[in-house]
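Report on the structure given below.
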Ligand code: FES
């Protein structure tokens, strides 16, 4: 079996939603201190719906494919739906990632959550902080050590 699924290769070679949204309603940037990869997500939100989403990812092919797939999965969806997106769902939608590349899909989940948190914060919308994991909770992150 090939290391990467056809879907991973497709989204890596033809990533969807690459770019920047000027005056985005929410922006989330996360990095993985171990591999040095960085992912930035931009959201345009109207009436609780994610009407547009773009990403910039400086990272490996799996991180790019994960960003591309994750943005496709939340585009046009309500915020409540985007908040439930897990890295597992992203990896499954890509027909799997090799075990040592699963952390790349974690970046996508975290960047989206961070962008949604930014949207809430900017608009003074109250939320339960528990829905946004604290940095210390990230399993893959060794806090720069
Ligand atoms: Fe770091 Fe893929 S190797 S995100």
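The values are calculated or read from the model by the stated rules, or taken from the named source; none is laboratory data. Fair warning: this is a prediction, and the values are worked out from it, not measured in the lab. When we count neighbours, we look across all protein chains shown, and the Cβ atoms used for this are built from the backbone with ideal geometry, even at glycine.
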Residue count for segment 51-60, restricted to those that are touching a strand residue (DSSP E or B) at 6+ places or on another chain (Cβ under 9 Å) and within 9 Å of the ligand (Cβ to nearest atom): 2
Can you find a residue in segment 79-87 that is buried (at least 16 other Cβ atoms within 10 Å of the Cβ), within 14 Å of the chain's Cα centre (by Cα), within 13 Å of the ligand (Cβ to nearest atom) and part of a helix (DSSP H, G or I)? yes
When (1) at pLDDT below 95; (2) over 13 Å from the mean Cα position of the chain (by Cα) are applied to residue 103, the one that fails is (2)
So is residue 126 exposed (fewer than 15 other Cβ atoms within 10 Å of the Cβ), more than 11 Å from the ligand (Cβ to nearest atom), closer than 30 Å to residue 2 by Cβ and over 14 Å from the mean Cα position of the chain (by Cα) or not? no
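Each row is one residue, and each column tells you yes or no for (1) out of contact with any helix residue (DSSP H, G or I) (no Cβ under 7 Å at 6 or more places or on another chain); (2) within 16 Å of the ligand (Cβ to nearest atom); (3) assigned to a loop (DSSP other than H, G, I, E, B).
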| position | (1), (2), (3) |
| --- | --- |
| 11 | no, yes, no |
| 22 | yes, no, yes |
| 28 | no, yes, no |
| 33 | yes, yes, yes |
| 36 | yes, yes, yes |
| 41 | no, yes, no |
| 70 | no, yes, no |
| 73 | no, no, no |
Output for segment 78-102, where each listed residue is in contact (Cβ under 8 Å) with a residue 60 or more places away in the chain and more than 10 Å from residue 66 (Cα to Cα): 95, 96, 98
Being within 16 Å of the ligand (Cβ to nearest atom) and either at pLDDT 95 or above or closer than 17 Å to residue 6 by Cα (or both) is the requirement here; does residue 63 meet it? yes
Quick count over segment 46-68, residues being part of a helix (DSSP H, G or I) and within 11 Å of the chain's Cα centre (by Cα), is 6
